[in-house]
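Encoded as structure tokens, the structure appears first; notes follow it.
None of the figures in this text is laboratory data; all of them are computed from the coordinates on show. Remember, it's a predicted structure, so these values are computed and weren't measured experimentally. FYI the Cβ positions are ideal-geometry reconstructions off the backbone, even for glycines, and counts take in every protein chain you see.
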There are 2 protein chains.
Amino acid sequence: MREGPDIARIASLVGDPARANMLNALMGGTALTASELAHEAGVSLPTASSHLGKLMEGGLLTVASQGRHRYYGLAGPQVAGMIEAITGVAEAVGPKRVRPGPRDGAMRVARVCYDHLAGEQAVAMLDRLVAKNVLVRDEQQIRLGPSAASHFAAIGIDVYTRPRRPVCRACLDWSVRRSHLAGTLGAAILDKILADKWARREKDSRAVIFSLPGKQAFERVFLR
Amino acid sequence: MREGPDIARIASLVGDPARANMLNALMGGTALTASELAHEAGVSLPTASSHLGKLMEGGLLTVASQGRHRYYGLAGPQVAGMIEAITGVAEAVGPKRVRPGPRDGAMRVARVCYDHLAGEQAVAMLDRLVAKNVLVRDEQQIRLGPSAASHFAAIGIDVYTRPRRPVCRACLDWSVRRSHLAGTLGAAILDKILADKWARREKDSRAVIFSLPGKQAFERVFLR
DNA sequence: CGCATAGTTCGTTCCTCATCGAAGCATTCT
DNA sequence: AGAATGCTTCGATGAGGAACGAACTATGCG
């Protein structure tokens, strides 16, 4: 009876375990093939194909055909944000993890959230950038502060080169329950962290592992 | 295979249309009874009760027993944020609103919401009553103002005769996204509108169609 | 070409879960 | 106490949809 956007339709897409696993895997930010996603989800290829079709039809995924491969990826940051939000609730109400393994610890500290950094490190970074007035924040909005351009230029990031998406966006961190930095700036910072080899991606996981010198460099640049 | 919080479980809770409607209704911030939610969702009371049990078990709702009523509300802002996020995606990918037919127009202007009037007319009425200080409102709470008794007595409504439910309640209007008046007073006003034949119910619809003199009477009494 | 790999489509099977009526508590009104 | 109201539990029914094997299409390789 009720009108408005069909939230049940979207939620039910995420509500199937196989599809949820696929979406989770895609939260790493890299597009994956149908076979890889089938493996991630623990289902057969036909089943995966059917799920992917539904996710596509629901507008949650994009696909790029390359040769005989089809690379599926999240449709955009809004979808990623939604998954984060659902993850946050699941984490909050879910059965208390009996014993958080070491891998969970790493995830908590730093991980990839679609295309930017999340976790304690990322939250601390945003806090510090706001405290230094490099970024200005009111509520969920984040904007560049007066010194932003020069500040980021000093570490090799041009805040004006990526005009397509919003430069700054707040993204709620499920492990810390506070916001971290998304948007093109967040993506550029993650790029730099990986390009400069401050950290590496854990295989088959969203975890981001900092090396000791990498961590020190990160702290010097972003937490001071 | 994948670890982490069980996002499919949470999403599937939202993924049922009946439950989604309930959650949507609760997004207004006011707690609602099981019967009201059953009506909102368009399902029978047993069905609603089952859904509410699941939402409770999933940790998405809280409940407060007051006498023989059970008031259900969202478990917290995090849950509300999740619903907002899902709504945002649904809005973005959803079917482009084709063309709101005439019936939708009528629904938008005035309709029945459980037992009281909703829609633009109802929102305007509440605004006016608050502006005239007949009703006093702070946040989601609405109370009778000093002149309420005499004001409503003049049009044949005794504000004290129906002690069973709260006299005034705010109810979020989905078409206008602002509150209108619910509670026994809201119900009494709708009764009067229909009893005095200012308007009639559209068959098999929630729409309420005002006659021309009825509309004038309504405006004279409530919008001036 | 013929063979291998990557994906989708089809048809069938099976199971979960939404639904409602009837009956059972609980609370409040008279 | 008895009646009315609000809500939950139980049991039966039915529909939707997740799963996979087999067959089909498409791309790449020798």
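Loop-located GluC sites (Glu not before Pro) across the range A:1-64 with a Cβ neighbour count of 12 or fewer within 10 Å are A:E3, with loop assigned by DSSP.
Pairs with C-alpha atoms separated by more than 24 Å, drawn from the list B:K132/B:K215; A:K132/A:K215; B:K192/B:K215, do not occur.
Site pair A:I155 and B:R224 shows an inter-label distance of 6.6 nm when each label is modelled 7 Å from Cα along Cα→Cβ.
What is chain A by shape, rounded, prolate or oblate, if you read a ≥ b ≥ c off the alpha carbon gyration tensor as root eigenvalues and call it rounded for a/c under 1.5, prolate for a/b larger than b/c, and oblate otherwise? Because a/c hits 1.5 or more and a/b exceeds b/c, chain A counts as prolate.
Only DSSP H runs of four or more residues enter the estimate; each adds -39500 (n - 2.57), and after division by the residues of chain A the mean residue ellipticity at 222 nm equals -14000 deg cm²/dmol. Please state the shape class of the range B:1-69: rounded when a/c is under 1.5, otherwise prolate if a/b exceeds b/c and oblate if not, all from the C-alpha gyration tensor. In terms of gyration-tensor shape, prolate. Using only alpha carbon pairs under 8 Å that are at least six residues apart, calculate the relative contact order of chain A and give it in whole percent. Relative contact order here is 17 percent. Rounded to the nearest whole Hz, the Karplus-based 3J(HN,Hα) values (6.51 cos²θ - 1.76 cosθ + 1.60, θ = phi - 60°) of the range A:116-130 follow the sequence 9, 8, 10, x, 3, 4, 5, 5, 4, 4, 4, 3, 5, 5, 6, with x at glycine and proline. Between B:R128 and A:K132, what FRET efficiency follows from the Cβ-Cβ distance if R0 is 60 Å, with the result rounded to 0.05? Rounded to the nearest 0.05, the efficiency is 0.75.
Rounded to the nearest 10 degrees, the inclination of helix A:183-195 to the longest alpha-carbon principal axis of chain A is 80 degrees. Peptide A:17-26 shows a mean partner chain C-beta count of 4 within 10 Å per residue C-beta.
Counts of other chain beta carbons within 10 angstrom of each beta carbon in peptide A:54-60 average 2.
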